[in-house]
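Enquirer: Once you've had a glance at the structure underneath, I'll fire off some questions.
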Amino acid sequence: MCLMVKCALCVHLIYSDIVQRSREELKAIRETNPGLKPTLAIIQVCLCVIEEILRLNEDSRVYGIFLHLPQSFLSKSVRNAIKPQKDVDGIYFFCNTPLDAPLIGKMAVLVGVEGPLKATLQFLLQNNGMMVQTCQWSSKHICHFEVFTEMFVAVVICQHVVRSNRRWIQEQQYQPWRLRPLKLQPLSPVPSDIEISRAQTPKPISQLAQEVGLLPEELEAYGNTKAKVHLSLLNRLQHQPNGKYVLVAGITPTPLGEGKSTVTIGLVQALSAHLKLNSFACLRQPSQGPTFGVKGGAAGGGYAQVIPMEEFNLHLTGDIHAITAANNLVAAAIDARILHEATQSDKALYSRLVPSVNGVRCFSPIQMARLQRLGINKSDPSDLTPEEVRAFVRLDLDPEKVTWQRVIDTNDRFLRKITVGQANTEKGHARQTQFDIAVASEIMAILALTDGLADMRARLGRMVVGSSRNGQPITADDLGVTGALAVLMKDAIKPTLMQTLEGTPVFVHAGPFANIAHGNSSVLADKLALKLVGEEGFVVTEAGFGADIGMEKFFNIKCRTSGLKPDVVVLVATVRALKMHGGGPNVTAGVPLPKEYINENLQLVTDGCSNLKKHIQIAHLFGVPVVVALNAFKTDTQAEIDLVCRIAEASGASAAVQCHHWSRGGRGSVELAQAVKEVASQKNHFQFLYNLQDSIVEKIRTIAQKVYGADDIELSPEAQAKIDYYNQQGFGALPICMAKTHLSLSHMPEKKGVPTGFILPIRDIRASIGAGFIYPLVGTMSTMPGLPTRPCFYDIDLDPVTEEIKGLF
């Protein structure tokens with residue numbers, strides 16, 4: 001019997017064993033991974049072979065590619081186009097002994113291998129103690145193998161499917177980080193923020209993603225320095241334990257801000273680049289209102305920044321633009337519906353809302369949902385009675401009770417009160433309304449609090465835009481606009497990946513203000529980051545303004561929604577702000593600091609520490625330990641710094657450390673990182689401040705008294721009427737999101753330190769039902785900021801030759 005026949009019989013003898021073992025292994029894999037669906041793509045006929053191969057290479061659902069094509073199609077470029085891990089064709093080894101068994105003394109038969117490959121394989125096998133025989137695969141032997149051809153292909157495919165599944169499962173597991181920090185060379189004096197940002201070359205975002213364990217299919221690049229991250233990551237790492245959860249908050253700030261973003265970034269640079277601990281920063285996307293107004297950007301500063309800072313501070317990946325478009329689509333739908341209902345009969349409205357297309361009339365899915373809410377269980381438009389038609393077509397929105405406002409991402413005081421509908425085409429249906437800044441939109445709050453696309457769509461549909469004339473709430477679902485909103489927001493729901501100056505990862509997502517919204521980055525960004533850092537890693541997120549505003553809402557709103565529990569609060573303070581609270585003169589943006597803030601003054605610092613002590617107490621109301629981060633400035637003296645740290649620790653802080661990240665980068669916050677690591681490892685007793693079942697009034701009073709220090713609250717008649725209405729509609733069990741000045745613990749911006757003996761006035765109350773909170777307006781709080789006499793935009797310009805942006809900070 002010729003050697004080829006013996007080889008064929010050998011294959012036949014081991015075939016059943018190989019297939020059986022492969023089936024059993026595949027079954028075991030499927031049982032432990034029920035979502036796994038092995039797929040082999042077989043290309044038989046294709047005009048664009050390489051294009052199809054490249055498409056299948058990137059399809060995560062395909063585990064193998066087999067080319068079943070005429071020989072004339074199988075060029076070298078075609079064969080080489082297949083990713084090696086998906087290539088079913090090629091060299092295969094069949095063995096009837098375990099692969100980890102010793103090879104010495106075994107017989108290997110090389111079939112159909114010629115040239116250098118034959119010599120290489122023969123040498124490798126013989127070098128491992130095997131006996132090797134070779135034979136040609138020629139046309140005279142084909143007759144012996146016709147019976148085994150299908151058998152051979154089946155074995156090849158079976159083995160490849162098992163290998164592909166093993167490889168897929170391995171890829172889906174949590175991957176240890178291989179982070180390579182970027183080196184910093186801080187200069188003195190410290191250059192401008194934009195000069196520092198431009199002096200550092202960021203890593204390609206695909207490289208950073210790979211370093212922190214993201215898969216290529218989970219990344220959607222926007223250029224070379226930023227990318228959206230797909231939410232599928234949450235499913236892939238659903239069994240991975242979360243890392244430590246750190247919140248950065250602050251004392252009551254000056255109008256200049258006290259550097260929470262800078263501390264956040266300096267802390268993660270210290271954790272990852274210097275302590276070699278996995279860490280992620282989660283930041284809000286800045287509004288262009290402050291960027292072109294007074295405060296400037298929010299990328300951090302000095303040697304603790306997100307880069308490129310121009311991209312971070314401007315359009316980023318367009319999320320705020322998507323929110324603006326979605327918000328204003330709702331506003332347009334409201335006014336259009338009021339006009340059309342006022343100028344058309346029931347019959348005319350019905351014929352336009354449910355038109356005949358090619359002789360057929362049918363309800364859209366969102367219209368069917370409205371019929372069900374109305375209790376009309378009919379699907380044929382011709383079956384509705386006149387009364388049912390009227391109920392269906394008329395929302396009967398009261399123009400005086402529309403609560404939805406248009407938004408724009410610009411500080412524009414002249415849009416605080418406007419009149420719309422003055423053109424002749426609107427037939428006299430004018431009404432007064434206003435613009436809010438875009439980040440105050442309920443859609444922004446929904447983006448920050450949602451846990452996925454389905455939840456976001458449901459929340460968008462629940463948004464209440466006003467009331468009917470008989471007092472019923474009208475929602476986005478009633479307007480029929482929910483699906484369109486979800487389409488506009490489908491990309492915005494994915495967090496954006498960027499990096500710090502030292503090459504550590506940052507998620508940028510959502511940007512609600514803390515004084516007029518809940519002031520925190522997204523739940524989704526935090527959840528993604530907590531999975532990626534691993535059980536021993538750290539996620540550092542920031543709450544807007546002082547702990548009385550951003551931190552309180554982080555705990556009472558964001559943590560309720562997410563189910564996440566913080567491990568430690570980093571409370572940011574500055575000597576400058578403490579001197580202000582101790583009785584120092586007013587601090588004004590754009591004006592040189594008075595001498596009290598430049599010269600040492602221990603008495604002002606001591607008196608101002610009352611504000612720091614109050615904020616430590618606020619954190620302790622929630623059972624979370626505090627590390628005070630004193631953001632040091634060059635005008636601070638060591639005596640002032642030591643005094644603040646002593647008072648902070650005596651007031652209940654677990655640790656208090658000075659930070660120099662602005663001038664030194666992560667190296668300047670190593671002491672802070674070590675303190676955070678130590679305190680976060682200790683068990684805490686996190687709790688909410690109030691029970692959701694408490695009345696709306698009691699929840700507001702609890703915040704006013706325990707957090708702000710008020711004696712009591714005072715409700716305006718309008719606010720009391722809104723509370724009665726919301727209780728009637730079943731909204732009373734929602735958490736509270738106070739809209740209050742950030743410049744004082746009270747409602748009076750000029751009252752510094754720890755004000756006492758005041759009554760907190762509640763001027764109005766709104767409800768963000770989609771976001772899921774009640775929204776009291778305290779005092780004269782405005783939802784549209786204005787521009788100062790000299791805004792930041794005076795210093796912002798573009799070099800037309802280099803296209804470099806100047807003046808951002």
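The values are calculated or read from the model by the stated rules, or taken from the named source; none is laboratory data. Every value quoted in this text rests on a predicted model; they were computed, and no experiment measured them. Here Cβ is always computed from backbone atoms with ideal geometry, including for glycine, and neighbour counts include all displayed protein chains. These area figures cover heavy atoms from the full protein model, side chains too; ligands, DNA and RNA do not enter into them. Shrake-Rupley method; radii C 1.70, N 1.55, O 1.52, S 1.80 Å.
Enquirer: Taking the range 642-689, which residues are buried (at least 18 other Cβ atoms within 10 Å of the Cβ), in a loop (DSSP other than H, G, I, E, B) and hydroxyl-bearing (Ser, Thr, Tyr)?
Expert: Scanning the range 642-689 gives 651, 654.
Enquirer: With the requirement that a residue be among the polar types (S, T, N, Q), within 29 Å of the chain's Cα centre (by Cα) and part of a loop (DSSP other than H, G, I, E, B), what does the range 725-774 give you?
Expert: First pass over the range 725-774, keeping only residues among the polar types (S, T, N, Q): 727-729, 741, 744, 746, 756, 768.
With within 29 Å of the chain's Cα centre (by Cα) added as a condition, the list becomes 741, 768.
Correct list: 741 only.
Enquirer: Among (1) open to solvent by 30 Å² or more (accessible area, probe 1.4 Å); (2) not assigned by the TED database to the domain that holds residue 232; (3) not β-branched (Val, Ile, Thr), which single condition is residue 459 missing?
Expert: The single condition residue 459 does not satisfy is (1).
Enquirer: Out of all the residues in the range 354-388, which are of a type in the set (A, V, I, L, M), part of a loop (DSSP other than H, G, I, E, B) and surrounded by 16 or more Cβ atoms within 10 Å (Cβ to Cβ)? Show your work before the answer.
Expert: In the first step, residues of the range 354-388 are kept if they are of a type in the set (A, V, I, L, M); the result is 354, 357, 360, 366, 368-369, 371, 374, 376, 384.
Then keep just the ones that are part of a loop (DSSP other than H, G, I, E, B); that gives 354, 374, 376, 384.
354, 376, 384 - these are the residues of the range 354-388 that are of a type in the set (A, V, I, L, M), part of a loop (DSSP other than H, G, I, E, B) and surrounded by 16 or more Cβ atoms within 10 Å (Cβ to Cβ).
Enquirer: Can I ask one more? Exactly one condition in (1) assigned to a loop (DSSP other than H, G, I, E, B); (2) open to solvent by less than 40 Å² (accessible area, probe 1.4 Å) is false for residue 451; which is it?
Expert: So residue 451 meets the others, but not (2).
Enquirer: Right, something else. I need a count of the residues in the range 279-289 that are under 18 Å from the mean Cα position of the chain (by Cα) and open to solvent by 20 Å² or more (accessible area, probe 1.4 Å). Break it down into steps so the answer makes sense when it comes.
Expert: Of all residues in the range 279-289, those under 18 Å from the mean Cα position of the chain (by Cα) come to 279-287.
If we keep only those that are open to solvent by 20 Å² or more (accessible area, probe 1.4 Å) too, we end up with 284.
Counting residues in the range 279-289 that are under 18 Å from the mean Cα position of the chain (by Cα) and open to solvent by 20 Å² or more (accessible area, probe 1.4 Å) gives 1.
Enquirer: Can you confirm whether the range 235-252 contains a residue that is surrounded by fewer than 23 Cβ atoms within 10 Å (Cβ to Cβ) and either in a helix (DSSP H, G or I) or not assigned by the TED database to the domain that holds residue 584 (or both)?
Expert: yes
Enquirer: Can you confirm whether residue 455 is without any contact (Cβ under 8 Å) to a residue 60 or more places away in the chain and closer than 30 Å to residue 521 by Cβ?
Expert: Numbers: without any contact (Cβ under 8 Å) to a residue 60 or more places away in the chain: yes; closer than 30 Å to residue 521 by Cβ: yes.
Yes; evaluated as a whole, the condition is true for this residue.
Let's see how each residue does on (1) in contact (Cβ under 8 Å) with a residue 40 or more places away in the chain; (2) surrounded by fewer than 22 Cβ atoms within 10 Å (Cβ to Cβ); (3) more than 24 Å from the chain's Cα centre (by Cα):
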residue	(1), (2), (3)
390	yes, yes, yes
400	no, yes, yes
418	no, yes, yes
428	no, yes, yes
439	yes, no, no
444	yes, no, no
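Enquirer: How about the range 513-550: which of its residues are closer than 23 Å to residue 497 by Cα, part of a loop (DSSP other than H, G, I, E, B) and either open to solvent by less than 10 Å² (accessible area, probe 1.4 Å) or at pLDDT below 95 (or both)?
Expert: Of everything in the range 513-550, those that are closer than 23 Å to residue 497 by Cα, part of a loop (DSSP other than H, G, I, E, B) and either open to solvent by less than 10 Å² (accessible area, probe 1.4 Å) or at pLDDT below 95 (or both) turn out to be 513, 514, 518, 519, 521, 522, 534, 537, 544.
Enquirer: Continuing with this model, one more query. Here are some residues: 579, 553. Which one is among the charged types (D, E, K, R), surrounded by 20 or more Cβ atoms within 10 Å (Cβ to Cβ) and touching a Leu at 6+ places or on another chain (Cβ under 7 Å)?
Expert: Details: 553 fails: touching a Leu at 6+ places or on another chain (Cβ under 7 Å).
Among 579, 553, only 579 is among the charged types (D, E, K, R), surrounded by 20 or more Cβ atoms within 10 Å (Cβ to Cβ) and touching a Leu at 6+ places or on another chain (Cβ under 7 Å).
Enquirer: Just the residues that are under 29 Å from residue 659 (Cα atoms) and assigned to a loop (DSSP other than H, G, I, E, B), please, taken from the range 690-712.
Expert: The first filter runs over the range 690-712 and keeps only residues under 29 Å from residue 659 (Cα atoms), leaving 707-708.
Listed by number, the list is empty, since nothing qualifies.
Enquirer: Looking only at the range 186-218, count every residue that is buried (at least 19 other Cβ atoms within 10 Å of the Cβ) and not charged (D, E, K, R) and tell me the total.
Expert: 11
Enquirer: Which condition does residue 711 not pass, out of (1) over 30 Å from residue 272 (Cα atoms); (2) open to solvent by less than 10 Å² (accessible area, probe 1.4 Å); (3) not aliphatic (A, V, I, L, M), if it passes all the others?
Expert: Here residue 711 clears every test but (2).
Enquirer: Looking at the range 290-305, which of its residues are surrounded by fewer than 24 Cβ atoms within 10 Å (Cβ to Cβ) and either of a type in the set (Lys, Arg) or within 18 Å of residue 518 (Cα to Cα) (or both)?
Expert: Of everything in the range 290-305, those that are surrounded by fewer than 24 Cβ atoms within 10 Å (Cβ to Cβ) and either of a type in the set (Lys, Arg) or within 18 Å of residue 518 (Cα to Cα) (or both) turn out to be 290, 295.
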